[in-house]
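**Q** The structure follows.
Nothing in this text is a laboratory measurement; each read-out follows from the coordinates by a stated rule. Just so you know, these numbers come straight off a predicted model, no measurement behind them. No Cβ is skipped: glycine too gets one built from the backbone with ideal geometry, and neighbour counts run over all protein chains shown.
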Amino acid sequence: MTKWKVKTSEDRQLKAYWEEKGGILYLEVPVGHHSAGVGWPEGSRIRYIDAVRVVRKRSRKHDIIPSREFTRDDLIKAFRGAEVEVIEAKKRLNRFSFGQAVAGADMLEKQYRPWIVTPVIVYEIGDPAMEWVCRKHGVRIWQS
């Protein structure tokens, strides 16, 4: 298991989520750069998803893997055909976090072609209206 250290409140949220859910968590996953070779238009810039969790239902293998420990090829192998969650960790659940989770899920799906992609928002401070919006659009929410 990686010797990843929690440094921020978002890191604490991600670690707590992972401790409950398990799987393999890849941190700061890049998407959207035209050099990825999947049809992003010239001028597209790189973006980073807070975390992507590969869901392991029957495996005992669990880990947190920071960005310095994987390559683009590692991500392709890990995500292609897998069930994954695109996770945004934020202090507040709001429209910005919702947009990041939905856009991140769409971009990850295009770039890495997993079998199932589910957007997830991990947050500390909720908003009942945004919780309703998330449920309506199939975005999972988890309050830390």
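**Q** Multiply the residue gap between Arg95 and Thr8 by 0.36 nm, knock off their C-alpha separation, and tell me the result in nm, one decimal place.
**A** 29.1 nm
**Q** For the chain, what is the mean residue ellipticity at 222 nm derived from helices alone (per DSSP H run of n ≥ 4: -39500 (n - 2.57); sum divided by total residues; nearest 500 deg cm²/dmol)?
**A** Taken over the chain, the calculation gives -10500 deg cm²/dmol.
**Q** At a Cα cut-off below 28 Å, give the lysines reachable from Lys110, other chains included and same-chain residues fewer than 8 away excluded.
**A** Cross-link targets: Lys15, Lys21, Lys57, Lys61, Lys77, Lys90, Lys91, Lys136.
**Q** Just to verify a number: FRET efficiency for Thr71 and Lys21, C-beta to C-beta distance, R0 = 25 Å, to 0.05? Kindly include the intermediate steps, with their values, before the conclusion.
**A** Values: r = 25 Å, r/R0 = 0.99.
E(calc), rounded to 0.05, equals 0.50.
**Q** Apply the Karplus parameterisation 6.51 cos²θ - 1.76 cosθ + 1.60, with θ equal to phi minus 60°, to every residue of segment 97-105 and state each ³J(HN,Hα) to the nearest whole Hz, in sequence, with x for glycine and proline.
**A** With the stated coefficients, segment 97-105 comes to 5, 4, x, 4, 5, 5, 5, x, 5 Hz.
**Q** Under a straight-distance cross-link criterion of Cα-Cα below 14 Å, which aspartates and glutamates are reachable from Lys3, leaving out those fewer than 8 residues away in the same chain?
**A** Output for Lys3: Asp11, Asp63, Glu69.
**Q** I'd like to know how the chain sits against the 2.2 N^0.38 Å rule of thumb: what's its Cα Rg over that expected value?
**A** The value comes to 1.00.
**Q** Let me ask something else. Over all directions, what mean area does the Cα convex hull of segment 75-144 project, stated in square nanometres?
**A** Seen from a random direction, the Cα hull of segment 75-144 projects 4.3 nm² on average.
**Q** Report the label-to-label distance for Arg140 and Glu28 in nanometres (one decimal), using points 7 Å from each Cα along the Cα→Cβ vector.
**A** If labels sit at Arg140 and Glu28, their model points lie 2.5 nm apart.
**Q** Which whole-number percentage describes the relative contact order of segment 33-144, with Cα contacts under 8 Å and a sequence gap of 6 or more?
**A** Dividing the mean separation by the residue count of segment 33-144 yields 25 percent.
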